[in-house]
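Only one structure is covered here, and it is reproduced in the block below.
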Amino acid sequence: MSKQILLSTPHMGDRELEFVKEAFDTNWIAPVGPHVDAFEQEFCEVTGAGYAAALSSGTAALHLALQLIGVDCGDEVFCSTLTFAASANPIAYLGAKPVFIDSDRTSWNMNPELLEEALKKRDRIGKLPSAVVLVHLYGQSADIEPILKACNQYEIPLIEDAAEALGATYKGDSPGTFGRIGIYSFNGNKIITSSGGGMLVSDDSELVTKARFLATQARDPAPHYQHSQIGYNYRLSNVLAGIGRGQLRVLSERVAARRRNFEIYSSALSHLPGIEFMPEAAFGISTHWLTCLTIDPKAFGADREQVRLALAEQQIESRPVWKPLHQQPVFADCETIGGAVADDLFAHGLCLPSGSNLTNEDLDRVISGITAVHEQSQPLQNLRKNSLKLLFLCVLCVFAVNHSIFCA
Ligand SMILES: *Cc1c(COP(=O)(O)O)cnc(C)c1O
């Protein structure tokens, strides 16, 4: 049986273990220590962020971001609809309510025009949201400038969920560093991983200091344990920060490898009828964290699920594009602005195996798997090809029989 090909798996470099060993040798086995500090500093250098707080997950980072901005019970927060649930769950942790905004076709990310219109309408009725959570999907930045402009116009803080977009650019800079706060994730399936972890960044040093305070149980400066606020246990372990430091050193290689996957897939498959790859928007460089495509079943001859199941049969893991949050049962009573684009991307979209450690052989297996589904789904064409052969044979027979009669 052939080896299983997974969607996106961890890919260690050669320094991670050294940093982990250093943590053991110095006994810094705690959610504090020199690797945590260095990881934050190095992360700022790589992304251009002002300040950073290393946390236990991207979800934790988003939770703190919303709290730091002052999102409160009963508030509304605008959020991209085409994303993972973790983009909106922290809104609910605070008792606030998400309002989902549809994607545009060029980036698959939040549609700036829809956001502008929605904010204008809300301003007129005096019901502006307390924050906007902008997601940068599958390694591609959203169109940040018009979104930031609309947020600034109504003085609404922008939080960027860049969990999937570390290493990408928007007009030369890192998505995640434009808004009031940005968050990143180092979960096992992301472009780099610390086995689990996240980062909160901001150009406001006070906000980041406050994030560290809240992340360590909100302990007031006193020799005894004193608390004037509810805190959390959200700091990143020094051991895991060591893994993160090693991974940060190979980030650009990981981006290059994932972009290469995309190039190989698209040059081998984009000529197939009904296949369209997630477009790369002109304003930046996508990491192609995951290579995604849409399948038009009429043109291709099979739908997304048929392709996914055919690949699964060959031990190849692929996944539907995120189910929009406005379609999730848990968010059924939330307002949605638009939604048809995200619905369509979910109905037809497939994420292919995209790890930076895939071999050419792996990529070939995925490509042949998809090509085979297309070929097998063309019975009419096959029949036509075969009927031509049959016709040719008949003509040949008739000719041979006639010939033998005449010769006899
Ligand atoms: C992975 C992810 C998160 C959550 O990050 P964790 O570190 O897994 O908590 C949030 N938002 C998006 C878009 C993600 O892909």
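Assess whether Glu76 counts as being of a type in the set (D, E, K, R), surrounded by fewer than 20 Cβ atoms within 10 Å (Cβ to Cβ), more than 16 Å from the ligand (Cβ to nearest atom) and under 18 Å from Arg180 (Cβ atoms).
yes
Can you tell me which condition Val133 does not meet? The list is (1) away from the ligand (no atom under 14 Å from the Cβ); (2) β-branched (Val, Ile, Thr); (3) assigned to a strand (DSSP E or B), and all the others hold.
(1)
Which residues, taken from segment 152-166, are within 20 Å of Pro90 (Cα to Cα) and crowded, with 24+ Cβ neighbours inside 10 Å? Let's see the steps before the verdict.
Initially, segment 152-166 is screened for residues within 20 Å of Pro90 (Cα to Cα), giving 156-165.
The answer is Ile159, Glu160, Asp161, Ala162, Ala163, Glu164, Ala165.
Looking at the structure I just gave you, is Val99 in a strand (DSSP E or B) and either more than 14 Å from Glu335 (Cα to Cα) or away from the ligand (no atom under 12 Å from the Cβ) (or both)? I'd like the intermediate steps shown before the answer.
Values: in a strand (DSSP E or B): yes; either more than 14 Å from Glu335 (Cα to Cα) or away from the ligand (no atom under 12 Å from the Cβ) (or both): yes.
It is true that Val99 is in a strand (DSSP E or B) and either more than 14 Å from Glu335 (Cα to Cα) or away from the ligand (no atom under 12 Å from the Cβ) (or both).
Out of curiosity, is Ser237 touching a residue at least 40 places away in the same chain (Cβ under 8 Å), surrounded by 13 or more Cβ atoms within 10 Å (Cβ to Cβ) and under 22 Å from Ile191 (Cα atoms)? Before the answer, list the steps.
Numbers: touching a residue at least 40 places away in the same chain (Cβ under 8 Å): yes; surrounded by 13 or more Cβ atoms within 10 Å (Cβ to Cβ): yes; under 22 Å from Ile191 (Cα atoms): yes.
Answer is yes for this residue.
The rows are residues; the columns are (1) under 17 Å from the mean Cα position of the chain (by Cα); (2) away from the ligand (no atom under 16 Å from the Cβ).
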position: Arg105; (1), (2): yes, yes
position: Leu114; (1), (2): no, yes
position: Ala118; (1), (2): no, yes
position: Lys121; (1), (2): no, yes
position: Ile144; (1), (2): yes, no
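Just checking, does segment 305-313 include any residue being within 26 Å of Ser185 (Cα to Cα) and either open to solvent by less than 20 Å² (accessible area, probe 1.4 Å) or in contact (Cβ under 8 Å) with a residue 24 or more places away in the chain (or both)?
Going through segment 305-313, the residues within 26 Å of Ser185 (Cα to Cα) turn out to be none.
No, segment 305-313 contains no residue that is within 26 Å of Ser185 (Cα to Cα) and either open to solvent by less than 20 Å² (accessible area, probe 1.4 Å) or in contact (Cβ under 8 Å) with a residue 24 or more places away in the chain (or both).
Step by step: first the residues of segment 19-47, then only those that are over 21 Å from Leu200 (Cβ atoms) and within 29 Å of the chain's Cα centre (by Cα), then the one that is least open to solvent (accessible area, probe 1.4 Å). Which residue is that?
Step by step, filter segment 19-47, then rank; the result is Phe19.
Being of a type outside the set (Ser, Thr, Tyr), open to solvent by 50 Å² or more (accessible area, probe 1.4 Å) and part of a loop (DSSP other than H, G, I, E, B) is the filter here, so list the residues in segment 343-363 that pass it.
Asn357
Quick check on my filter: what residues within segment 167-189 are within 11 Å of the ligand (Cβ to nearest atom) and surrounded by fewer than 24 Cβ atoms within 10 Å (Cβ to Cβ)?
Residues satisfying the conditions are Asn187, Gly188, Asn189.
Just name the residue that is farthest from Tyr184 (Cα to Cα) out of those in segment 48-68 that are away from the ligand (no atom under 16 Å from the Cβ) and surrounded by 19 or more Cβ atoms within 10 Å (Cβ to Cβ).
Here the answer is Leu68.
Out of segment 13-39, which residues are more than 10 Å from Arg245 (Cβ to Cβ) and either polar (S, T, N, Q) or within 16 Å of the ligand (Cβ to nearest atom) (or both)?
Across segment 13-39, the qualifying residues are Thr26, Asn27, Pro31.
Name the one entry in Leu290, Leu272 that is in contact with a Cys (Cβ under 6 Å, 6 or more places away or on another chain) and in a loop (DSSP other than H, G, I, E, B).
Numbers: Leu272 fails: in contact with a Cys (Cβ under 6 Å, 6 or more places away or on another chain).
Just one listed residue meets the conditions, Leu290.
Condition (residue is open to solvent by less than 20 Å² (accessible area, probe 1.4 Å) and β-branched (Val, Ile, Thr)) applied to segment 199-209: is it met by at least one residue?
Yes - at least one qualifying residue is present in segment 199-209.
Just to be sure I understand, how many residues within segment 247-304 are buried (at least 22 other Cβ atoms within 10 Å of the Cβ) and among the aromatic types (Phe, Trp, Tyr)?
4
Residues checked against (1) of a type in the set (Phe, Trp, Tyr); (2) without any contact (Cβ under 8 Å) to a residue 24 or more places away in the chain; (3) buried (at least 18 other Cβ atoms within 10 Å of the Cβ):
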| site | (1), (2), (3) |
| --- | --- |
| Gly95 | no, yes, no |
| Thr106 | no, no, no |
| Met110 | no, no, yes |
| Lys121 | no, yes, no |
| Pro129 | no, no, yes |
| Val133 | no, no, yes |
| Ser141 | no, no, yes |
| Pro146 | no, no, no |
| Ala150 | no, no, yes |
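The values are calculated or read from the model by the stated rules, or taken from the named source; none is laboratory data. This one's a predicted model, so the numbers in the text were calculated from it and none came from an experiment. Cβ sites come from the backbone with ideal geometry, for glycine too, and all protein chains shown count toward neighbours. For the accessible areas, the whole protein counts, side chains as well, though only heavy atoms, and no ligand, DNA or RNA atoms are used. Shrake-Rupley method; radii C 1.70, N 1.55, O 1.52, S 1.80 Å.
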